[in-house]
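**Q** Sharing a structure, written as structure tokens. Questions coming.
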Amino acid sequence: MITALSGSTVATTESERTPVASTTTESSFDDVLAYLPAAVADDSMVVTAVDYDRLLEADQPHDPRPSIGSLDIDAESVSKSAFVTSYTDEFSQPLRVLVTDSELEAETETRESDAGIEYEFTAHDSRDETVVGTDGDVLVVATDAETVDAAFDAKAGEGDRLLESASTVEDGLTVFDGSDARTVQVGDEQMAPRDVEDAAVEYVVRAQTVLDRDTMEVSIGVQFEDESAVTDELIETLEAEFAYTATADEPAVEVDGAFVSTTVERDLAAERAVREHDSPGSLHVDREIDFDDEYLEIELLRGDPTPIEDVTFEVDGEEYDRDIWTNGHGKLEAGDTIVMDMDDVEPNLSISLSHDHALGGSSSGTSILSHFRFESEFDVDTGELVVTYDDDFPLDGDRVHLAVYEDRPYYRPDEETPEPRTSAQPWTGETLSEGDTATLDGVEPGDTVLVGWDGTAYDDSISRVQARPPGRVSFEYDYDSERLEAVLEFDSRRPASETDEVEASDIERSASEYELLIDGEPADTQWTDEFETVSSGATIELTDVPIGVDVEAVWAATETRIGSTQPQPSVELEYDAGTIEHVGGDELSAAELTAEVWTDEDRFEIELGDEIDGDFEEGETFTVDAGTEADSDDEFGEVYHVSVRYAGEYQVGYASPNR
């Protein structure tokens, strides 16, 4: 709920802090706030109060509902709530007070607080490890029974209340008295507006007030320790909090000593219109580009009619010439075409179309000529990698780079960009055409070579090849006997130093160059146990291989993977009008199998142990309680596909009506 209030606003007059009057009944939170005990006070905390009934009078994009965790109550039955969130040591929510007419389903017992207040209590057995108490008017949800005691004592006037002991919180909650949702933040961990964190702040308050179905007043206020913190820059910061809010007027800012607030009225009708509008986008460029054309055409695959003045087209992050790209359009929508000058088209070009609207904006982008075909041939004995251009688009060799990485250079945007082990520009002064080659020396098995345009980084890449060691391994697993076969195969190849292709049947390598790993450790059986040299078809067999282990075949010198598997059983399934039949594969205990059924309406599971006694073997069937295209009236909807899992983890079979 704190997030929901983010970007709210505050209204005041010169003499007193009062919001714009609501046209309907104002909210009061005295009833729920009275349950907040002083015991939950913390140095850094957030106190929130929400009147859901009032907020639901406004037609917002999403109906506000309380977070009820694993409580077995209807969230829609909660009319009002107050809760406390602590940030001092770590995030926690020590107390929630919910006004609801729902009754607890769990068995309760009568409990008496230290002050003698009786209420119904249950040690709520749930993932969030909470306890719950009720006096018939509210549910008090807390992290321990003592806090529940303190809440009912506070309500009865027999214990200290939070608002009496924490005057700062009380001040914040009453700034916008009459608002329908309000939150006050105090302490070092305040979620203050940007550029405010450096000033000494007593509290930040956010509030929402329903004015009518289509209008919501939102406010934000900051109480500083010293009024010198209230500057023009600060006021601009507060106004900017509503940059992505649909409003009819500019934010109204009021200053009262060390307190500053700003308020706007959200235009909910305008927000709904924006959300219902499909912004133009999904840019499509044909792969086959005719460079003799004057313009490159870019088709929009989606979008409702949108005024052209609200749309911006960018090329490589720079705004493109509007006189060109608009192509005479006054509005843009799906099916329209925008253009750019063909002289501006080059490899690895990023383009984007942005739509500015009342809630901020939306953007759609793609790249042009971002991938070209390059082939490679690697000689593991010499370390030479021959890269061959295999596309028909002429490339300026001065801008093409080859960069060798030890592995594919994955990285996150917040990480430092990895550096290649070596790089080269072998085609400087040339124009690449199909068939042109370049040779890199010192390449190791498993290395990845990026072909870059104007650079060697991952984002510059227009192609990628890998130095693959000779050989690939396939696997065959027998579930019943737990036997695994590993078969080494070679492909025909042309060494870098030769012109004639070497047939796969003529290739022989030392068996010691290959290794089999199970869960990262050498397997008990290796090719060296059976062979001195290996050729295509060399097979070894492992016994006692359980399902689920990770099996890898690697080039031993660099542990470059040339094959992998995770042994598991498999079942061939056939779907016929809601009946799934085992038509081949392994015989499995039905008690270990779960069918997962996906329909156009839902997803549900069937435990096969409840449907089949003993084993699920060839000829056995089970039924799916859902419709098909021929019979789609069932409440579960039309079946898309059914998968079967073994031991809750391994997908061993799959079937669908269309397969």
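The values are calculated or read from the model by the stated rules, or taken from the named source; none is laboratory data. All values reported here derive from a predicted model rather than from experimental measurement. For neighbour counting, all protein chains shown are included, and Cβ atoms are generated from backbone atoms with ideal geometry for every residue, glycine included. Note: areas computed on protein heavy atoms with side chains; ligands, DNA, RNA excluded. Shrake-Rupley method; radii C 1.70, N 1.55, O 1.52, S 1.80 Å.
**Q** If you check residue 160 against the conditions, is it under 19 Å from residue 79 (Cβ atoms), touching a residue at least 12 places away in the same chain (Cβ under 8 Å) and of a type in the set (Asp, Glu)?
**A** no
**Q** Report whether or not residue 485 is over 27 Å from residue 404 (Cα atoms) and either assigned to a loop (DSSP other than H, G, I, E, B) or of a type outside the set (A, V, I, L, M) (or both).
**A** Taking the combined requirement at face value, the residue satisfies it.
**Q** Restricting to the range 544-574, and then to whatever is in contact with an Asp or Glu (Cβ under 8 Å, 6 or more places away or on another chain) and of a type in the set (Ser, Thr, Tyr), can you tell me which residue is surrounded by the fewest Cβ atoms within 10 Å (Cβ to Cβ)?
**A** Residue satisfying both the conditions and the ranking: 564.
**Q** Just for strands (runs of 3 or more DSSP E) wholly inside the range 322-393: which have at least 2 residues that are closer than 30 Å to residue 438 by Cβ and in contact (Cβ under 8 Å) with a residue 60 or more places away in the chain?
**A** Per the criteria, 360-368, 374-379, 384-389.
**Q** Now, a different point. Output the residues belonging to the range 512-539 that are within 43 Å of the chain's Cα centre (by Cα) and closer than 11 Å to residue 488 by Cβ.
**A** Across the range 512-539, the qualifying residues are 513, 514, 516.
**Q** Can you tell me which condition residue 405 does not meet? The list is (1) over 37 Å from the mean Cα position of the chain (by Cα); (2) closer than 24 Å to residue 428 by Cα, and all the others hold.
**A** Here residue 405 meets the rest and fails (1).
**Q** Any residue at all in the range 202-211 that's open to solvent by less than 10 Å² (accessible area, probe 1.4 Å) and modelled with pLDDT under 90?
**A** No, every residue in the range 202-211 fails to be open to solvent by less than 10 Å² (accessible area, probe 1.4 Å) and modelled with pLDDT under 90.
**Q** Which residue out of 240, 258 is among the aliphatic types (A, V, I, L, M), surrounded by fewer than 20 Cβ atoms within 10 Å (Cβ to Cβ) and more than 29 Å from residue 315 (Cα to Cα)?
**A** Going through 240, 258 in turn, the sole match is 258.
**Q** Which condition from (1) assigned by the TED database to the domain that holds residue 639; (2) modelled with pLDDT of 95 or more; (3) surrounded by fewer than 19 Cβ atoms within 10 Å (Cβ to Cβ) is the one that residue 577 breaks?
**A** It fails just one condition, (2).
**Q** Of all residues being within 18 Å of residue 42 (Cβ to Cβ) and part of a loop (DSSP other than H, G, I, E, B) in the range 136-177, which is most open to solvent (accessible area, probe 1.4 Å)? Just the residue, please.
**A** 160
**Q** For the range 520-537, state whether one or more residues are in a loop (DSSP other than H, G, I, E, B), among the polar types (S, T, N, Q), modelled with pLDDT of 95 or more and open to solvent by 70 Å² or more (accessible area, probe 1.4 Å).
**A** no
**Q** Considering only residues that are open to solvent by less than 30 Å² (accessible area, probe 1.4 Å) and under 25 Å from the mean Cα position of the chain (by Cα), look in the range 281-318 and name the one that is nearest to residue 348 (Cα to Cα).
**A** 283
**Q** If a residue has to be assigned to a strand (DSSP E or B) and over 30 Å from residue 303 (Cβ atoms) to count, how many in the range 258-274 make the cut?
**A** 5
**Q** Do you know which residues across the range 215-257 are assigned to a loop (DSSP other than H, G, I, E, B), modelled with pLDDT under 90 and either more than 30 Å from the chain's Cα centre (by Cα) or of a type in the set (A, V, I, L, M) (or both)?
**A** Across the range 215-257, the qualifying residues are 225, 226, 230, 231, 243, 246, 248, 249, 250, 251.
**Q** With the structure loaded, tell me whether residue 56 is surrounded by fewer than 21 Cβ atoms within 10 Å (Cβ to Cβ), under 35 Å from the mean Cα position of the chain (by Cα), in the same structural domain as residue 157 (by the TED database) and at pLDDT 90 or above or whether it fails that test.
**A** yes
**Q** Could you check the range 446-475 and list, in sequence order, the residues that are part of a loop (DSSP other than H, G, I, E, B), of a type in the set (A, V, I, L, M, F, W, C) and open to solvent by less than 20 Å² (accessible area, probe 1.4 Å)?
**A** 467
**Q** In the range 430-445, what residues are hydrophobic (A, V, I, L, M, F, W, C) and either at positive phi or not in a loop (DSSP other than H, G, I, E, B) (or both)?
**A** 432, 438, 440
**Q** Related question: State whether the residues of the range 409-420 include one that is in contact with a strand residue (DSSP E or B) (Cβ under 6 Å, 6 or more places away or on another chain), over 30 Å from residue 540 (Cβ atoms) and either in a helix (DSSP H, G or I) or free of Cβ contacts under 8 Å to residues at least 40 places away in the same chain (or both).
**A** Yes, because at least one residue in the range 409-420 is in contact with a strand residue (DSSP E or B) (Cβ under 6 Å, 6 or more places away or on another chain), over 30 Å from residue 540 (Cβ atoms) and either in a helix (DSSP H, G or I) or free of Cβ contacts under 8 Å to residues at least 40 places away in the same chain (or both).
**Q** In addition: Counting just the residues of the range 319-340 that are of a type outside the set (A, V, I, L, M) and in contact with a Phe, Trp or Tyr (Cβ under 6 Å, 6 or more places away or on another chain), which one comes out most open to solvent (accessible area, probe 1.4 Å)?
**A** Out of the qualifying residues, it is 320.
**Q** Would you mind listing the strands (runs of 3 or more DSSP E) fully within the range 59-135 where at least 1 residues are loosely packed, with under 12 Cβ neighbours inside 10 Å and in contact with an Asp or Glu (Cβ under 7 Å, 6 or more places away or on another chain)?
**A** 109-112, 118-122
**Q** Before we move on, is residue 278 in a loop (DSSP other than H, G, I, E, B) and either β-branched (Val, Ile, Thr) or under 30 Å from the mean Cα position of the chain (by Cα) (or both)?
**A** yes
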